[in-house]
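Step one of this worksheet: look at the structure below.
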Amino acid sequence: MSASVFALATALTATPAIAQQRAETSSIDDVIVTGRQAPDLASAGTKSALPLAETAQSITVVTAGDIQELGLQNLNQALRFVAGVTPETRGASAEVYDQFKLRGFDAPVFLDGLKQFGSTTGYAIPQVDVSRLDRFEVLKGPASTLYGQSGPGGLVAQTSKLPVDVPLYGGVAGTYGEYDLYRLDADIGGQAGSDVLWRVYGSANGADTQQRFARRERQTVSGAVTIGNGSRTTFTVLGTYSHDPHNGAYGVFPALGTLVDNPNGKLSTRFDGGEDGNRYQREQAAGTYIFRHDFGGGWSFRASGRYQNVTAQLGLVYVRGAPVAGSTRLYNRASYATDEELNNWTYDNQLAGTVRTGPVTHRLLLGVDRQVAHSTEDGQFGGGTPLDVYNPVYGTMTVPRTPAQVPGGTGEFRLDARLRQQGVYVQDQLEWDALRVTLAGRQDWARGQQNGGTPKQDEKFTWRAAALYTLPFGLAPYVSYSTSFEQQAATVRRADNTLGIADPSLGKQIEAGAKFSVPGTPILLSGAWFKIDQTNVVTSTPDFAISRQTGAVRSTGVEFEGSAPLGYGFTARAAFSRQRVRTISDPQDPSRVGRGLETVGRGGASLIVDWAPERGTFHGLTVGGAVRHVDEVYAGVYTPPENPAAAAALNSPSYTVYDAWARLDLERVNPALRGLTASVNASNLFDRSYITSCFANYAWCWYGNRRIVQGTIGYHF
């Protein structure tokens, strides 16, 4: 390696930045057979494959190989190493959901270009098992121009494993670890005739959670067939089903004893405020089609659609945030039960082509999409028996299994929410010598309705403009401006004290940055500054059924990301972000102006270094380690139970944890073991106890994951 490249790589490790790409040869998969898209290409930003170094937007790519190497169990964990993300909002207590903040805001998840709708009223929210993912891209900043419903912070675009044009391939892997963690993943596929490809894969996985009673468990299977392989017209059908009989307890910890000192000491990370019968189960089923046709002459058509059904049944006993008056040990509890169903249909149709006007090349994209979601919820809140959180005695009440069984209920309720959005969009990517300009616009029409009431009609035009210039030595500065529009179905209390459906959330962002790549190497560094303004922000209130809609929020920050080989088999990937997210207007509660948003952090940093020698005695061995730091996270205003006048805004403290792993290709030990690998992963290596976030206004907090060590044996062919 030349001295200049080595100096650049050394500087990368000293100045945190994060992994966006990885050389295809540097990851070895037991089960996962990757598709054709290279890790240095991204498609989420423009709905077309484009080199990251030429994309005028911050995008982070995480491949299935990255997920497996780090031993990650869900999207929450995979986002730990992405700049701009406040990860694992509810820590180890709620891994059933992908709960995180991107540049300070909730971010929707898309799968194969189509939105993963969640229930607008409750808990019927889908989650894609990591065994189904070929890769995902974190697209930062407003993206409504291409995707319609999307928040101002960005989105996560997941890609399913699809059939690969190989005669036969497959693999199986088994994992076991602490907390009785287990995984059994299998994947097989190949060719069926000259123009048909197939693939079947699935996973059975689960674990006990840190809290005393909770457990998660899942069985999922997916199958896909592609017809017309090798021709101008292909048609792919993908079906998937997931059964989640246990999804943890969705529990909480009192702030007094976690975030705030309690004279009785710290609460254990194993504390459970519920009962042994707490349950949350979920069923997910979906069918997706992807049709492609190449007209020739640079023009093509793509159509995709998905129907998804999610059902959820929840029965919980949980501890209230504040203790019983006069006590620091005894807490009242509450109960809740719900029965929910979500149905949604999403479609996206695109016509893409290339034309030239003199020296300028135009890559055009014209699209029309439609998104429909219908969710229902039957539920009831109720009471519970008190619990001494430092010496809990369980079994004093029965967990309700249906809304009708909730003790001391406030009254059963039924919510019926219907959302519909359709839009048309156009994008022009102009190339003139070293200049890249992207112009895009979209018109949306949205309709929302709750419980058969008067529908709320909204429409909005969103647009995006971006420019990037590639300099001869690899530097590419860029600037972009984009807007967002997101339909909301929450019930809000307005300033005149009336109830109604929330107005759509609107956002706008300006981003400026630069990317630097070294030709002929996988080195890619990027940095960005951004400012985002969001209006019509929905925030929760102590009455879970009714929210508030505040004035405006502003998020400003900087991010640095990158990856580089260091020579001698070493590779470094790093990330750094720093942001300030605050309320800048709130007519209903002016005291919030200048404060942050609950569960949103100030930023963080991570560094991943691994060693995989390409030759010599240790060829076939990979050893790696990671450090991840999360800065303070705004917790909200905490009111001491015995001294309301001492109410103050608090932050949950920053934390730093370490991970390590090792992997061995067993063929290097014995040639007869070809295809077998063994690995071990340890997350939070030094078993640190830490808080991921809090809602101090509710006096609730959540602990992060303690140390988890797991081992995997895999075979692939």
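Bear in mind these aren't lab numbers, they're just calculated from the coordinates by the rules spelled out. All of these numbers come straight from a predicted model, not from anything done at the bench. Glycine also receives a Cβ, built like all others from the backbone with ideal geometry; neighbour counts cover every protein chain displayed.
Annotations for the structure displayed:
- For the chain, with +1 on Lys and Arg beta carbons and -1 on Asp and Glu, the positive-most of L197, G277, G296 along the dipole: G296
- Restraint check, K140/K161; K161/K460; K266/K531; K47/K460; K456/K508; K47/K101, Cα-Cα greater than 31 Å: K161/K460; K266/K531
- With the highest mean first, a sort of the peptides 399-408, 607-616 on other beta-carbon atoms found within 10 angstrom per residue produces 399-408, 607-616.
- Separation of alpha-carbon centers, the stretch 367-407 and the stretch 210-231, rounded to whole Å: 26 Å
- For the stretch 3-716, averaging the sequence separation of C-alpha pairs within contact (under 8 Å, six or more residues apart) and dividing by the residue count gives a relative contact order of 14 percent.
- In this simple spin-label model, placing a label point 7 Å from the Cα along the Cα-to-Cβ direction at both R615 and W198 gives a separation of 4.3 nm.
- Filtered trypsin sites (Lys or Arg not before Pro), the stretch 252-357: DSSP coil and at most 15 other beta carbons within 10 Å: K266, R270
- Cβ-based exposure ranking for F105, F81, in which fewest neighbours within 10 Å come first: F105, F81
- Among the GluC sites (Glu not before Pro) in the stretch 346-451, those located in a DSSP loop and surrounded by at most 15 other Cβ atoms within 10 Å of their own Cβ are E412.
- Distance in nm between pseudo-label sites at V558 and Y481 (7 Å out along the Cβ direction from Cα): 2.4 nm
- By the count of neighbouring beta-carbon atoms within 10 Å, fewest first, T89, T470 end up ordered T470, T89.
- Comparing Cα centroids, the stretch 97-166 and the stretch 612-658 end up 23 angstrom apart.
- Most positive-pole-ward Cα, P455, T692, L70, against dipole of the stretch 3-716 from beta carbon charges: P455
- Within the stretch 346-434: Cβ-based charge dipole about Cα centre, in debye rounded to nearest 20 (Lys, Arg +1; Asp, Glu -1): 220 debye
- For the stretch 313-401, applying the loop criterion from DSSP together with a ceiling of 13 other beta carbons within 10 Å to the chymotrypsin sites (Phe, Trp or Tyr not before Pro) yields no site.
- The magnitude of the dipole of the chain, with charges of +1 and -1 set on the Cβ of Lys/Arg and Asp/Glu and taken from the Cα centre, is near 860 debye.
- Note on the chain: Cα Rg divided by 2.2 N^0.38 Å, N the number of residues, gives 0.94.
- Pairs of Cα atoms nearer than 8 Å and 6+ residues apart set the relative contact order; for the stretch 433-530 it is 22 percent.
- Whole-Hz Karplus values for the stretch 224-229 come out as 9, 9, 10, 10, x, 4 Hz, taken residue by residue from phi with 6.51 cos²θ - 1.76 cosθ + 1.60 and θ = phi - 60°; glycine and proline positions read x.
- Rounded tilt (10° steps) of 3-14 against the dominant C-alpha axis of the chain: 10 degrees
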